[in-house]
1. Using only Cα atoms, tell me the angle between helix 360-374 and the longest principal axis of the chain; keep it within 0 to 90° and round to the nearest 10.
2. Mind jotting down the three principal axis lengths of the chain based on Cα atoms? Whole angstrom, largest first.
3. Per DSSP H run of at least 4 residues, take -39500 (n - 2.57); add these up for the chain, divide by its residues and hand me the 222 nm value, nearest 500 deg cm²/dmol.
4. Pop a pseudo-label 7 angstrom from the Cα along the beta-carbon direction at both Ser332 and Lys286 and give the gap in nm to one decimal.
5. Work out the P(r) tail for the stretch 83-122: percent of alpha carbon pairs separated by more than 13 Å, whole number.
6. Label-point separation (nm) for Gln212 and Asp127, each offset 7 Å from Cα along Cα-to-Cβ?
7. Along the three principal axes, how long is the stretch 152-206 when you take its alpha carbons, biggest first, rounded to the nearest angstrom?
8. Kirkwood-based Rg over Rh for the stretch 187-336 (C-alpha set), two decimals?
Amino acid sequence: MQLRNLLPATSRTVRIAVGSTALVAVVGGTAAFTALDKDVTLDADGARTELSVFGGTVADVLESEGIEVGPHDIVAPSAGTEVADGTDIVVRYGRQLTLTLDGEQKTYWTTARTVDEALADLDVRADGARLSASRSQALGRDGLALDVVTPKNVVVVADGQERPVTTTAADVAALLAETGVSVRPGDEVSADTAARVTPDLRVQVVRVDRSQSTEQVAIAHGSRTERTDALYEGERKVVAQGVDGSKTVTFDDVFRDGVRVAHDAVGETVDVQPVEEVVQVGTKVKPAPAPAPAASSSSSGGGSVGGGVDSLNWSALAACESGGNPSIVSASGKYHGLYQFSVATWRSVGGSGLPSQASASEQTYRAKLLYQRAGAGQWPVCGKRL
């Protein structure tokens, strides 16, 4: 540790006898007495004293001045050195410094007398640092606890902004306060707010907001089937049309920095009840198909079905539908013969094969059966000709 020469704090001139044996008589008179007298300077931690001593060592001078030296103190020259005329004796007291540097605590002994000198002696680079004591504060012999936070380059991300910051904040909470970023209950911070700030730290604050929202949601209607002998087997009839209902659903929403990340249903209220669809399904056994009448080229006549159906103007219907051609097929290939049967309708009244391949008499007979079952509506354009 380098010793420093400081300006005198006090000064006095003292003549003392050094050693265990006092001079009772001096042989040779005044000349001999003068030869044993030495002028020395004692610098005790900056307090300078001019002394006149009679021989002895540095330790004798310190003892005569009541100066006790501990294991952490420095004495120069060493205590066993014989003093001579003009000797400078320097004493520097050791001070215990408990230094917490960026959260890491160590204990040192130093002879520095101020905080600034101690930092220089310990080679602590504290330019721009935040200190818990003034740099000019004196270090007393009872020591000092010193907290030093050096500047660090960090990044704070919050509210859509990324801010590079040079800070001496000790922890994350102080850093956020320094940058004007408040953390609300529920917000997320990427680092523990009690954690110390380290170089190149990146702290991100995510704003978390919670709210509720509602949505109108459709309720699908159900369907129920009823069996009835009012319809033939294979026939179906909707007797109650189904109608969807609606309900209001309440959701708990969570937003992170304005982006919704959760949308959980927490309740609902039915606004309109759905109406169930009811469908009747026939159970009545279909009668056996009537035998086909004898072949005939005429579109009139055909097998008799009774009930006034036979007397309708079937020739006029055939002329309207097909021009009276029993073998004609529509351009789409879907409708056949005199009465432009579809294959499915033809087979529903007991026909087989293609209608356009059946005789005119059979086609007329099957048309009568169809009329008997469903009326003239089967021929929406030409049915009025009957």
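Computed from the coordinates by the stated procedures, all read-outs in this text should not be read as laboratory data. These figures come from a predicted structure and were not determined experimentally. Don't worry about glycine lacking a Cβ; one is built from the backbone with ideal geometry, like all the others, and counts go over all protein chains shown.
1. 60
2. So the extents along the principal axes, rounded to whole Å, are 182, 40, 31.
3. Roughly -4000 deg cm²/dmol at 222 nm, from the helical runs in the chain.
4. Between Ser332 and Lys286, the simple spin-label model gives 2.3 nm.
5. 60
6. 6.0
7. 28, 22, 16
8. 1.47
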